[in-house]
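Okay, structure first, notes after.
The values are calculated or read from the model by the stated rules, or taken from the named source; none is laboratory data. Values in this document were obtained by computation on a predicted structure and should not be read as measured data. Cβ atoms come from the backbone with ideal geometry, glycine included; neighbour counts cover every protein chain shown. Side chains are part of the model used for accessible areas, which takes the heavy atoms of the whole protein and leaves out ligands, DNA and RNA. Shrake-Rupley method; radii C 1.70, N 1.55, O 1.52, S 1.80 Å.
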Amino acid sequence: MGKTERSPEELYQGDPERADAVIFGRRTDVSRRGFLGGGGLAAMSAAVGGPIVFAAGMPGGLIPAAFAQEAKKDAPAAAPAPAAPKGPQFLNFPGKDAGLVVLGDKPLVAETPEHLLNDDTTPVPKFFIRNNGQIPEPAKDVDGWKLTIDGEVNKPIEITLADLKKRFAAKTYRMVLECGGNGRSFFTPQARGNQWTNGGAGCAEWTGAPLADVLKAVGVKSSAVYTANYGMDLHLSGDPKRQALSRGVPIAKAMDQHNLLVWAMNGKPLENIHGGPLRLLIPGWPGSTSHKWLSKITLRDRVHDGQGMMGTSYRVAIKPMVPGGKADDANFKIMESMPVRSIVTSPANGTKLAAGTKEVKLRGAAWAGDLEVRRVDVSTDFGATWTQAALVPAKNRYDWRRWTATVRLPSDGYYEIWSRATDSKGKAQPHTAGNWNPQGYGGNPMHRIAVLVG
Ligand SMILES: Nc1nc2c(c(=O)[nH]1)N[C@H]1C(S)=C(S)[C@@H](COP(=O)(O)O)O[C@H]1N2
Ligand SMILES: [Mo]
């Protein structure tokens, strides 16, 4: 794969015939149909490790899932991405699972491969990490941690974590936290930023005081429009005058009872890497609104303009733009709810099953930002037929839905298992990431895994 000048996705988009030639080394003067019908199919089968059982239904130009993953890792970046390593670089961080994949090291960003999201509740060691600035030293005086709430409020306060715990009734909810850029790697051409697959998400039990209760206690003025969130992490440059990140949400979203000022994750004190001793958790919206090492919330009388609020940051195109084209700032709106997404968490992509295996049990998860998951369907034949998965009830709003399904594998060979979730408004995951935008938000194509029988 060393000779491709672009990612396989781009090659296929531009010239599928040539892409086949580059990737599978065939002559360019044979049509793709001829390729799939003749010697080319044998070449592709050899490349994926076995006969493609449902080859007849395989869409032209589709890069086999078995192959796309590997090819992607080797493909040279089309746009600058932070510290793009060659092949997966696994995380080495105290308390963290060694299966997490590093997407960037300055700042530290690591994602959870889908098969490590197989637990009903994501254990802390497996939970993804996303930083924009430097990771602060762990706080020495946890109970003395101070949070200020000021701006458009009647009674500004500075409250310690000990007092926050005393004055407000704690709630625990299991909720998805998902990076706004989750799925970014599925965009063609490549979008700017950390190349998340589906692993910029996890679902943990968060414990803390409801933000709405605290805001009611300080009194929200009618002039309040937006929150401005601030934390104690330094900008990467170390310049104390620059913010690593400072985002916010409209007051209506801030008053959602599920937003928590979190001090515990999965029943244990919130770890430093996840923003301990105190962080915000704003479920359903881009993870960047869930501020870590939270020190101050200012209610503003206008939409916040802090670090990460402007330009094309955490913004999506209003009208579709030319993929890879120049962005017109006026055509962008702030990303709010995250889109519907499903993942297959078992088996793992690339699993080899014993010859003669006739069925496989699938496990997965699905979530839909502010919306509910209506259904999840799976396919083993490139989407020709679908089987509805069984959804496990959610513990509370913003929890993910675990799902299970059993699918038949009629004969030995190569299969792709696709999962597709549909949200409560009827929107399903698309085949490929749509609504291209320069920083790659909202990429939520169906999840595809490769399975080889025999
Ligand atoms: N103070 C601070 N809070 C932050 C960030 C940050 O860089 N600094 N990153 C945000 C982003 S982009 C995400 S996706 C989540 C990630 O949380 P995690 O590292 O606990 O998984 O934290 C958010 N809160
Ligand atoms: Mo994020």
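Descriptive notes on the structure:
- Whichever residue in the range 122-133 is buried (at least 17 other Cβ atoms within 10 Å of the Cβ) and part of a loop (DSSP other than H, G, I, E, B) and, among such residues, is farthest from ligand 2 (Cβ to nearest atom): 122
- The set of residues in the range 134-149 that are open to solvent by less than 40 Å² (accessible area, probe 1.4 Å) and without any contact (Cβ under 8 Å) to a residue 40 or more places away in the chain contains only 144.
- Qualifying residue in the range 352-370 (condition: surrounded by 18 or more Cβ atoms within 10 Å (Cβ to Cβ), touching a His at 6+ places or on another chain (Cβ under 8 Å) and outside any strand (DSSP E or B)): no
- Residue check, residue 112 touching a helix residue (DSSP H, G or I) at 6+ places or on another chain (Cβ under 7 Å) and either within 16 Å of ligand 2 (Cβ to nearest atom) or over 30 Å from residue 394 (Cβ atoms) (or both): yes
- The sole residue among 146, 140, 171 that is over 25 Å from residue 299 (Cβ atoms) and away from ligand 1 (no atom under 13 Å from the Cβ) is 140.
- Selection count, the range 135-153, where residues are away from ligand 2 (no atom under 16 Å from the Cβ) and in a loop (DSSP other than H, G, I, E, B): 11
- The sole residue among 57, 95 that is farther than 24 Å from residue 408 by Cα and either at pLDDT 85 or above or surrounded by fewer than 15 Cβ atoms within 10 Å (Cβ to Cβ) (or both) is 95.
- Hits in the range 154-172 (condition: without any contact (Cβ under 8 Å) to a residue 24 or more places away in the chain, open to solvent by less than 40 Å² (accessible area, probe 1.4 Å) and in a helix (DSSP H, G or I)): 162
- The single condition among (1) in a strand (DSSP E or B); (2) within 27 Å of residue 66 (Cα to Cα); (3) open to solvent by less than 60 Å² (accessible area, probe 1.4 Å) that residue 433 does not satisfy is (1).
- Under the condition of being among the polar types (S, T, N, Q) and under 22 Å from residue 186 (Cβ atoms), the residues counted in the range 382-435 number 5.
- Members of the range 386-417 found to be in contact with a helix residue (DSSP H, G or I) (Cβ under 9 Å, 6 or more places away or on another chain) and among the hydroxyl-bearing types (Ser, Thr, Tyr), listed by number: 414
- Here residue 208 clears all of (1) open to solvent by less than 10 Å² (accessible area, probe 1.4 Å); (2) within 30 Å of residue 152 (Cβ to Cβ); (3) more than 16 Å from ligand 1 (Cβ to nearest atom) except the condition numbered (3).
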